[in-house]
Amino acid sequence: MAAATGMGAGLGNMLSGLMTNRQAKKLSELSTDEWKQRRDFQEYETPQAYKDYRDLLGLKARQEMPGAQAMREDIAQTQAATLSGTRQLAQGAEGMAGVLAAAQNRKSALRQLGIAASQYQAQAEQNYINAVGQGAQYEDRAYEYNQWLPWQMKQDEVMGMRNYGNQLTTQGWDQMMGASTQGANLFAQQEWYNNMMGQGQQPTPSAPQTPALQMGAPPMGWGQVYNPMTGQYETKSWFSQ
């Protein structure tokens, strides 16, 4: 009965181990994204405040310096007013000199505006580059949390299931082998007993011993003689008979 119970328990553990290993194999074949869906894994997201900050700097890097267009219009209006006044107040060489001076002033003003706009553009682009660089930490964190961590968690789960399945299989095998050995021993004992009983062999009782034999052999020339008066054996010399 105990052997049968051990065989049943061992077989159950072996089957459970095989099923666990099969489930581990199926789990190992899942992609990381499929595993995350099954485990309802919540992904890490880059902070929205950083996204807004980066996008704002990117927009500034693509735009020209604020007020540049208004400054160009002011320069143009200033030149037009200068040329108009010069024509009214001066003629000939003086008028020509005024026109040239107005053109030179306009050119100089536009040059200064261009320099300021270029400096602004370069600084805006650098600010955007710095913001993108700051975002590398969020990208690293997102990769670590959304890709590497779930992959590692899946591998750990698969390894845990395999170890548990192998443990059940080994335990079941040991139980079955132990029960088989126990059953074989019991069968051998029963077979021996049946053979002995079938042959009718009984233990041979030892012959009753006389008191003298129980005490040891008598000396040479002496022997055991039955005394009918006392009903006992007595040790006497054979020569006295």
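At-a-glance table
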read-out	value
The listed residue being modelled with pLDDT under 90 and surrounded by 14 or more Cβ atoms within 10 Å (Cβ to Cβ), out of Met176, Met153, Met196	Met176
For Ala76: the one exception among (1) surrounded by 14 or more Cβ atoms within 10 Å (Cβ to Cβ); (2) within 30 Å of Gln119 (Cβ to Cβ)	(1)
Condition met for Gly165 (surrounded by 12 or more Cβ atoms within 10 Å (Cβ to Cβ), at pLDDT below 80, in contact with a helix residue (DSSP H, G or I) (Cβ under 7 Å, 6 or more places away or on another chain) and in a helix (DSSP H, G or I))	no
Test: residue in segment 83-100 that is part of a helix (DSSP H, G or I), modelled with pLDDT of 75 or more and more than 60 Å from the chain's Cα centre (by Cα)	no
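The values are calculated or read from the model by the stated rules, or taken from the named source; none is laboratory data. Since the model is a prediction, treat every value here as computed from it, not as a measurement. Counting neighbours? That spans all protein chains shown, and the Cβs are built from the backbone with ideal geometry, glycine included.
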